[in-house]
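Enquirer: I'd like to ask some things about the structure below.
The values are calculated or read from the model by the stated rules, or taken from the named source; none is laboratory data. Note that the structure is predicted; figures quoted are calculated from it, not measured. All Cβ positions, glycine included, derive from the backbone under ideal geometry; neighbour counts span all protein chains shown.
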Amino acid sequence: MNPEEARRIGTGIEYESGRTEPPDDFPHLQDIPGGRYVDPGFHALERDRLWRRTWLYAIHDDEVPAAGNFIRWDRAGDPLFFLRGTDNKVRCFYNTCRHRGAPVLMEPQGKVRRAFSCKYHGWTYDMEGHLVGVRDRRDFVGLDESCRSLIEVRCESLGGWYFINLDPEAGPLADSLGPTWDHLLEFRPEQLRLIDKEAFTLNCNVKVLLDAFLEVYHLNSIHRKTVDRFLDHRGSFITLWQGGHSRMVTPNRREGWTDPGVAGLPEIPGVDPIYATTNVSLNVYPNLVTPVSPAGMPFLCFWPVDLATMVIEVHWFAPTWGDGARPAIWETRLDNFRHILDEDLQFAEEIQKSVESSGFRGMPLNYQERRIYHWHAELDRRIGQDRLAPDLRVPDVLQAHVDSWTTARGSVRPADRQPTV
Ligand code: FES
Ligand SMILES: [Fe+2]
């Protein structure tokens, strides 16, 4: 982080801690309509115009460590798989045979050698997805194998973190991630390891739970015995960025406090000290939330399954500790985090029942919950408000409080970067 930005955050925290009301120019926020969580038409628009057209974090380099390693992946709805080719490049394909659509890879993950065959009628593909073998070739008339490669999905890496986009026309990942790309790069991703990954299914709309991870207003109730003991939510400094991304920097309650849960863990070298004295949580729009830390961080990914079902995935990354087994302190750290996560998940399914009932009339958000409003306003921008019924819209009243950023950021643009694999 550049020193000027760190100073701006420090000044912002002082301001937030001392204020007695929102800034003068902060607007009234209209209630978030409950229909956005329960309306099938809204859900379909959200799927088609957000989820199918945005960059989404999927897997880490460690999940396909060597040429031939593959992993199936369907969090975005469509059946996909990642495969590291003989050229060491990681590609993402539809797991859809070009003959009649059977899956070409059956196991959740594994390794293929040189080529692999569909189990239905034996069409064979090489490691770059080209169709290289057709059983009973003599019986096809006018089949052009060169046009029947597996369909590739846009896949780009940020230091070994692979993102996909179902939209073949999407712009580059870095241009989409904007300032969050720079933040993530500070943590030297190419030196991080994936050390844990788990997923939980909940019976609620994906936004019910996502909302909870965009504010710290709830610390003093559901995290009273955990996070609230060391973080001061009243000093939280928020930055909203164009594109729906946002950052929330929450100061430690006491100067000089260090997290005993990370004592002794190796740290990512060269990271700005501000990450040790505060909790910096990023929302990489739409569904990646990460509280970044010099001692490693989780990626929380929120996935819609259907209108009222979702999955939260937790991917943990740690700076390398050299050879040998994972340091034992990680067991405690992961357990502590699961405990905090349980606190966060406790109301989601009940809230879903409420928003489905006649007793729900919308959500009034306050100044410190404005990241949620920003998230929803961006969703409307992506869907296009003219496609939404008036009673489902979230008017774009926060523009004056949203920071812009430029995509012409020189060396961090992927076109200028060395491939990381
Ligand atoms: S569906 Fe794959 S070979 Fe027929
Ligand atoms: Fe929480």
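Enquirer: Kindly check whether there is at least one residue in the stretch 73-84 that is within 16 Å of ligand 1 (Cβ to nearest atom) and within 26 Å of the chain's Cα centre (by Cα).
Expert: yes
Enquirer: Is there a residue being over 30 Å from Gly264 (Cβ atoms), modelled with pLDDT of 95 or more and part of a helix (DSSP H, G or I) anywhere in the stretch 339-349?
Expert: Yes - at least one qualifying residue is present in the stretch 339-349.
Enquirer: Do we have any residue at all in the stretch 149-156 that's away from ligand 2 (no atom under 16 Å from the Cβ) and surrounded by fewer than 16 Cβ atoms within 10 Å (Cβ to Cβ)? Steps first, please.
Expert: First pass over the stretch 149-156, keeping only residues away from ligand 2 (no atom under 16 Å from the Cβ): 149-156.
Now drop any that are not surrounded by fewer than 16 Cβ atoms within 10 Å (Cβ to Cβ), which leaves 151-152.
Yes, because at least one residue in the stretch 149-156 is away from ligand 2 (no atom under 16 Å from the Cβ) and surrounded by fewer than 16 Cβ atoms within 10 Å (Cβ to Cβ).
Enquirer: For residues that are farther than 25 Å from Asp175 by Cα and either touching a residue at least 40 places away in the same chain (Cβ under 8 Å) or not in a strand (DSSP E or B) (or both), tally how many sit in the stretch 69-82.
Expert: 3
Enquirer: Looking at Phe302, Phe317 in this structure, which one is within 26 Å of Trp161 (Cβ to Cβ), within 16 Å of ligand 2 (Cβ to nearest atom) and at pLDDT 95 or above?
Expert: Details: Phe317 fails: within 16 Å of ligand 2 (Cβ to nearest atom).
Sole residue among the options that is within 26 Å of Trp161 (Cβ to Cβ), within 16 Å of ligand 2 (Cβ to nearest atom) and at pLDDT 95 or above: Phe302.
Enquirer: Any idea which of Phe302, Phe317 is crowded, with 19+ Cβ neighbours inside 10 Å, in contact with a Gly (Cβ under 7 Å, 6 or more places away or on another chain) and not polar (S, T, N, Q)? Don't jump to the end; show me each part of the working.
Expert: Working: Phe302 fails: in contact with a Gly (Cβ under 7 Å, 6 or more places away or on another chain).
The unique qualifying residue is Phe317.
Enquirer: Would you please list the contacts, defined by Cβ atoms under 8 Å and residues six or more apart or on different chains, that run from a residue in the stretch 109-124 that is without any contact (Cβ under 8 Å) to a residue 12 or more places away in the chain to a residue that is within 13 Å of ligand 1 (Cβ to nearest atom) and in a loop (DSSP other than H, G, I, E, B)?
Expert: Partner pairs satisfying both residue conditions: Thr124/Cys118; Thr124/Val134.
Enquirer: For Tyr125, are the conditions met, namely being away from ligand 2 (no atom under 16 Å from the Cβ), buried (at least 19 other Cβ atoms within 10 Å of the Cβ) and among the hydroxyl-bearing types (Ser, Thr, Tyr)?
Expert: Considered against the rule, which asks whether it is away from ligand 2 (no atom under 16 Å from the Cβ), buried (at least 19 other Cβ atoms within 10 Å of the Cβ) and among the hydroxyl-bearing types (Ser, Thr, Tyr), Tyr125 comes out as yes.
Enquirer: Something else: Phe82 - would you say it is in contact with a helix residue (DSSP H, G or I) (Cβ under 9 Å, 6 or more places away or on another chain) and within 30 Å of Pro319 (Cα to Cα)?
Expert: Values: in contact with a helix residue (DSSP H, G or I) (Cβ under 9 Å, 6 or more places away or on another chain): yes; within 30 Å of Pro319 (Cα to Cα): yes.
Judged against the criteria, Phe82 is a match.
Enquirer: Residue by residue through the stretch 182-215, note down the ones that are closer than 25 Å to Arg47 by Cβ, buried (at least 22 other Cβ atoms within 10 Å of the Cβ) and more than 16 Å from ligand 2 (Cβ to nearest atom).
Expert: Asn205, Val206
Enquirer: Name the single residue, out of those in the stretch 239-249 being in contact with a Ser or Thr (Cβ under 6 Å, 6 or more places away or on another chain) and part of a loop (DSSP other than H, G, I, E, B), that is farthest from ligand 2 (Cβ to nearest atom).
Expert: Gln242
Enquirer: Could you please tell me which pairs satisfy a Cβ distance under 6 Å, a separation of 6+ or placement on different chains, a first residue in the stretch 212-238 that is in a loop (DSSP other than H, G, I, E, B), and a second residue that is near ligand 2 (Cβ under 8 Å from one of its atoms)?
Expert: These pairs meet every condition: His223/Glu343; Thr226/Ile340; Ser236/Val216.
Enquirer: Would the stretch 286-300 turn up any residue that is outside any loop (DSSP other than H, G, I, E, B), more than 16 Å from ligand 1 (Cβ to nearest atom) and touching a helix residue (DSSP H, G or I) at 6+ places or on another chain (Cβ under 6 Å)?
Expert: There is no residue in the stretch 286-300 that is outside any loop (DSSP other than H, G, I, E, B), more than 16 Å from ligand 1 (Cβ to nearest atom) and touching a helix residue (DSSP H, G or I) at 6+ places or on another chain (Cβ under 6 Å).
Enquirer: Please verify whether Val262 is aliphatic (A, V, I, L, M) and within 16 Å of ligand 2 (Cβ to nearest atom), treating the condition exactly as stated.
Expert: When the stated conditions are applied, Val262 does not pass them.
Enquirer: Output the qualifying pairs, or none if there are none: Cβ atoms under 8 angstrom, residues six or more apart or on different chains, first residue in the stretch 340-353 and aromatic (Phe, Trp, Tyr), second residue in a helix (DSSP H, G or I) and more than 16 Å from ligand 1 (Cβ to nearest atom).
Expert: Close Cβ pairs satisfying both conditions: Phe347/Ala212; Phe347/Ile222.
Enquirer: So which residues in the stretch 8-44 are closer than 22 Å to Arg387 by Cβ and either among the polar types (S, T, N, Q) or part of a helix (DSSP H, G or I) (or both), if there are any at all?
Expert: Gln30, Gly34, Gly35, Arg36, Tyr37, Pro40, Gly41, Phe42, His43, Ala44
Enquirer: Can you name the number of the only condition in (1) away from ligand 1 (no atom under 13 Å from the Cβ); (2) in contact with a Lys or Arg (Cβ under 7 Å, 6 or more places away or on another chain); (3) in a loop (DSSP other than H, G, I, E, B); (4) within 19 Å of Ser149 (Cα to Cα) that Ala66 fails?
Expert: Result: Ala66 fails condition (4) only.
Yes/no per residue for (1) of a type in the set (Gly, Ala, Ser); (2) more than 16 Å from ligand 1 (Cβ to nearest atom):
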| residue | (1), (2) |
| --- | --- |
| Asn2 | no, yes |
| Gly12 | yes, yes |
| Gly34 | yes, yes |
| Asp39 | no, yes |
| Glu46 | no, yes |
| Thr54 | no, yes |
| Asp62 | no, yes |
| Val104 | no, no |
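Enquirer: Which count do you get for residues in the stretch 133-160 that are under 41 Å from the mean Cα position of the chain (by Cα) and either within 13 Å of ligand 1 (Cβ to nearest atom) or assigned to a helix (DSSP H, G or I) (or both)?
Expert: Of the residues in the stretch 133-160, 8 are under 41 Å from the mean Cα position of the chain (by Cα) and either within 13 Å of ligand 1 (Cβ to nearest atom) or assigned to a helix (DSSP H, G or I) (or both).
Enquirer: In addition: Does Val262 satisfy the criteria of being of a type outside the set (Lys, Arg), within 30 Å of Asp78 (Cβ to Cβ) and touching a residue at least 60 places away in the same chain (Cβ under 8 Å)?
Expert: For Val262, the condition - of a type outside the set (Lys, Arg), within 30 Å of Asp78 (Cβ to Cβ) and touching a residue at least 60 places away in the same chain (Cβ under 8 Å) - is not met.
Enquirer: Somewhere in the stretch 84-91, is a residue more than 16 Å from ligand 2 (Cβ to nearest atom), surrounded by 13 or more Cβ atoms within 10 Å (Cβ to Cβ) and of a type in the set (A, V, I, L, M)?
Expert: Yes, that holds for at least one residue.
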